[in-house]
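A.B. asks: Sharing a structure with you now.
The values are calculated or read from the model by the stated rules, or taken from the named source; none is laboratory data. All values derive from a computational prediction rather than experimental measurement. Every residue, glycine as well, gets a Cβ built from its backbone with ideal geometry; the counts of neighbours run over all protein chains shown.
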Amino acid sequence: MVNEAAGGGGGRPPRTTAMGPRAWHRVAAISGIAALGLGTYGFHIFKPQNPVYKEVWQTASLYHLIHTTALLAAPLTKHPHVFGGLLTTGILTFSGSCYTAAWFEDKGYSTLAPLGGFAFVAAWASLLF
C-alpha cells in the first residue's frame, strides 16, 4: 500500500515542509505587492502634517522595492536562505520601522531602522562567501 501523505501516490512529488530556494520568489512576490501598494499610497494619499515624514515614507518605499527585487536572486546564491532571510529582515525592520515612524509622525518608531540597515549590509556581504 502506498502512503498518499508521503507523496507516493498519483505521480506527485513528495510534500516537504522545508522551504526550497525558489520559495524566495514567493516571498518577493508578496513583498513586491506590498512595496507597490505602500509606495502608491505614500505618493498619492499619504499627507503627513510634517513634510519630513513624506520623505521618510519615500525612503522606506525605495529600500523596500530595491531589496524586494534583490530577493529574486536568492535562489541563485550559494546560501539562498541566508541572503533571502537577511533581506527580508532588512525590509521588515528598516522599511517597516520607517513606514511606522512616518505614519505616526514620530521618530521614536524608527528604532529598528539601524538593525534593518545592518541586515541589508549583511545580506549583500553574504554574497562574498
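A.B. asks: Need the failing condition index for Ser97 against (1) surrounded by fewer than 23 Cβ atoms within 10 Å (Cβ to Cβ); (2) under 17 Å from Ala28 (Cα atoms); (3) in contact with a Leu (Cβ under 6 Å, 6 or more places away or on another chain), just the number.
C.D. replies: Exception for Ser97: condition (2).
A.B. asks: Hey, another quick one. Report whether or not Thr59 is touching a helix residue (DSSP H, G or I) at 6+ places or on another chain (Cβ under 8 Å) and polar (S, T, N, Q).
C.D. replies: It is true that Thr59 is touching a helix residue (DSSP H, G or I) at 6+ places or on another chain (Cβ under 8 Å) and polar (S, T, N, Q).
A.B. asks: Quick one: which residue in Gly85, Gly42, Gly90 is under 18 Å from Ala122 (Cα atoms), surrounded by 20 or more Cβ atoms within 10 Å (Cβ to Cβ) and either modelled with pLDDT of 95 or more or small (Gly, Ala, Ser) (or both)?
C.D. replies: Gly90
A.B. asks: Within the range 58-78, which residues are over 9 Å from the mean Cα position of the chain (by Cα) and among the hydrophobic types (A, V, I, L, M, F, W, C)?
C.D. replies: Once the filter is applied, which keeps residues that are over 9 Å from the mean Cα position of the chain (by Cα) and among the hydrophobic types (A, V, I, L, M, F, W, C), the range 58-78 yields Ala60, Leu62, Ile66, Ala70, Leu72, Ala73, Ala74, Leu76.
A.B. asks: Continuing with this model, one more query. Go through (1) more than 24 Å from Gly37 (Cβ to Cβ); (2) assigned to a helix (DSSP H, G or I) one by one and return the number of the condition Lys78 breaks.
C.D. replies: The one condition Lys78 does not meet is (2).
A.B. asks: Here is a follow-up. Can you tell me how many residues in the range 47-68 are over 10 Å from Ala35 (Cα atoms), in a helix (DSSP H, G or I) and among the polar types (S, T, N, Q)?
C.D. replies: Count: 2.
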